[in-house]
Amino acid sequence: MSGEQGDPRRVLVACLGNPDRGDDGIGAAVARALGGRLPDGAALVVRRGGLLGLLDDWAGCDAVVCVDAAAPGGAPGALRRIDVVAGTLPADMALTSGHAFGLAEAVALAHALGLAPAAIVVYAVEGAYFAEGAAMTAEVAAAVPEVARRVLAEVRRLQRSAAALSAEA
Amino acid sequence: MATKTIRVDYLARVEGEGALDLTIRDGRVASAQLRIFEPPRFFEAFLRGRAYAETPDIVARICGICPIAYQMSAVHAIEQAFGVEVGGQLRALRRLIYCGEWIESHALHVVMLHAPDFLGFPDAIQMARAHGDAVRNGLALKKAGNELMRLLGGREVHPVNVKPGGFHRLPTRAELTAAAESLRRAHDLAVDLVRWVAAFPFPDYQYDYEFVALRHPDEYPFNEGRIVSSRGIDIDIAAFDDEFEERHVAHSTALHAAVKRRGAYLVGPLARYALNFDRLPPSVRELARAAGLGPLCRNPFQSIVVRALEMVYACEEALRLIADYEPPDAAALPVEPRAGVGFGCTEAPRGICWHRYEFDAEGTIRTARIVPPTSQNQPSIEADLAAVAGTMLDKPDDVIRDRCEQTIRNYDPCISCSAHFLKLSVDRR
């Protein structure tokens, strides 16, 4: 990860999901689209599972932007931005995880342990099909460029706000 | 006739998907069924026709928590079939990567999945608010295990560096020296963890299990040994089918295993500990005694203490192996396929993981059989559930349900591996 401990611009982009399970591949696809485009001080991590490890990934970071798939709700490819301020994701936000420990649990555990970055923003893309071995649906694949663009803009915004906070301090 | 059903429709804090149906008739437990409905995954079927060299990478996908167990049992079976003996530092490195798997798997189960049961929390997140240091230490232990798996396996989930004959790449001394730093800290955390879990309130329950584990002449078992039991079984791993059989049951997509002559048996930490206490180093034996355990523990709820002790052992053993490390000349021995049958049996964190493969002359797999630990433990889980529930039938259903879930978690069941997880229903009439 780039940046030194305490650098106010440390932002992590965490792209989540299993690329071999249909629309759960949105995280990995956005990571590919972001390749080489993140500004200095921002780092990228791709996790297909084992989300407990996120607590290590974002250690020392000021902010995290997560990209994950959301459960089907009738509008595949629909993008939702969630600013996690209270330590929990909304109850109706069923992010997809094949195991019991998903992003919502990682965020809640980090807050309980005082290991959460100051800002966590989640970009959740609604999926439709999550079968093993399946490709992403056309609707979700079509959302990748726009998600990448929004994530880049979010990273720059978080870096500016972190820098401003640092200057105030 | 009074009948009552207590049902857990989806058991939490286990790997995979299953349910429990408890039927109570006239004040006694009529049946306790662990229903495993996770679909079969057909690994044995799609291994057929694949090249022997692909096996470690395929079987690693059976489990994200214990892939090393599947890789190790597979490579040992391949090497046995092709007449290759891996010794020296390559063998030591295999024990070392297994140490990493035990540490990360046990840390996850002990702290994140099982401890909340004893302290009255619904999950580790709620527990973390009251026991933050314990959870942080558990996560640090898990990280140390994962680091070892990443160093030797290339990555922590579904490692890619294991191959028949050895490894694709050897670690350097400097890499292992750096890992030792982290393991020394992990060792101290594991000792603290033993003391923490030993003070938990344990239900007063004992069961006379037939313990089954590997036993090696000198070592606490990981990769090698004879299959032994507390009731006299002492066989080469190739003779597994002489003593054990797998049975289909209607309520589970995982096969149930049994000792042919007697029935249910227990694999995993309690069995390993009971059958190999004398193979633990004096430091770990002393720690066990200080934690209130003798050389034999029949209370399955105290398996959490044994898992913590095994983490201490794995840290000590890893440090010993690293201190003795001399890089071997080659990362792997040459492997030449030939027609034949090979067996592998190693100690996964949850118990023995037995493999049998038949190869043709080119090393293509003709048949494969894999007997994972959780399917072996299913009959014992059901026996425990009937016995534990039987002592508390006057209690409200939700109290019975909680204790039954805790009982299942005593086994750290990996349903995904065996289905091969949990809903609980109690039928009380």
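Picking from residues in segment A:81-122 that are at pLDDT 85 or above and assigned to a loop (DSSP other than H, G, I, E, B), the one that is surrounded by the fewest Cβ atoms within 10 Å (Cβ to Cβ) is A:GLY114. Is at least one residue of segment B:299-322 exposed (fewer than 15 other Cβ atoms within 10 Å of the Cβ) and out of contact with any strand residue (DSSP E or B) (no Cβ under 8 Å at 6 or more places or on another chain)? Taking every residue of segment B:299-322 in turn, none turns out to be exposed (fewer than 15 other Cβ atoms within 10 Å of the Cβ) and out of contact with any strand residue (DSSP E or B) (no Cβ under 8 Å at 6 or more places or on another chain).
Residue under question is A:GLY53, and the condition is that it be surrounded by fewer than 22 Cβ atoms within 10 Å (Cβ to Cβ), at pLDDT 90 or above and either within 14 Å of chain B (Cβ to nearest Cβ) or not in a helix (DSSP H, G or I) (or both); does it hold? When the stated conditions are applied, A:GLY53 does not pass them. Looking for something in a helix (DSSP H, G or I) and of a type in the set (S, T, N, Q) - is there at least one such residue anywhere in segment B:224-237? No. The residues of segment B:232-283 that are basic (Lys, Arg), within 21 Å of the chain's Cα centre (by Cα) and within 22 Å of B:ARG298 (Cα to Cα), listed by number, are B:ARG272, B:ARG279. Within segment B:60-80, work out how many residues are assigned to a helix (DSSP H, G or I), touching a strand residue (DSSP E or B) at 6+ places or on another chain (Cβ under 8 Å) and crowded, with 24+ Cβ neighbours inside 10 Å. Looking only at that region, the number is 10. For segment A:56-69, the tally of residues that are within 14 Å of chain B (Cβ to nearest Cβ) and within 13 Å of the chain's Cα centre (by Cα) stands at 2. Of all residues in segment B:1-29, those being farther than 14 Å from B:ILE400 by Cβ and either more than 14 Å from chain A (Cβ to nearest Cβ) or at pLDDT 75 or above (or both) number 7.
Inspect segment B:383-406 for any residue being of a type in the set (Lys, Arg), in contact with a Cys (Cβ under 7 Å, 6 or more places away or on another chain) and buried (at least 16 other Cβ atoms within 10 Å of the Cβ) and give the result as yes or no.
No, every residue in segment B:383-406 fails to be of a type in the set (Lys, Arg), in contact with a Cys (Cβ under 7 Å, 6 or more places away or on another chain) and buried (at least 16 other Cβ atoms within 10 Å of the Cβ).
The one condition from (1) at pLDDT 95 or above; (2) within 26 Å of B:GLN378 (Cα to Cα); (3) of a type outside the set (D, E, K, R) that B:LEU183 does not meet is (2).
Search segment A:8-50 for residues being within 18 Å of A:ILE82 (Cα to Cα) and of a type in the set (A, V, I, L, M, F, W, C), and hand back the single one that is nearest to the other protein chains (Cβ to nearest Cβ). Here the answer is A:LEU16. Within segment B:114-142, the set of residues being of a type outside the set (D, E, K, R), more than 9 Å from every other protein chain (Cβ to nearest Cβ) and in contact with an Asp or Glu (Cβ under 9 Å, 6 or more places away or on another chain) comprises B:HIS114, B:PRO116, B:ALA134, B:ASN137, B:LEU141.
The values are calculated or read from the model by the stated rules, or taken from the named source; none is laboratory data. The structure presented is a predicted model; accordingly, all values stated were derived computationally and were not measured. Here the Cβ is made from the backbone with ideal geometry for all residues, glycine too, and neighbour counts use every protein chain on show.
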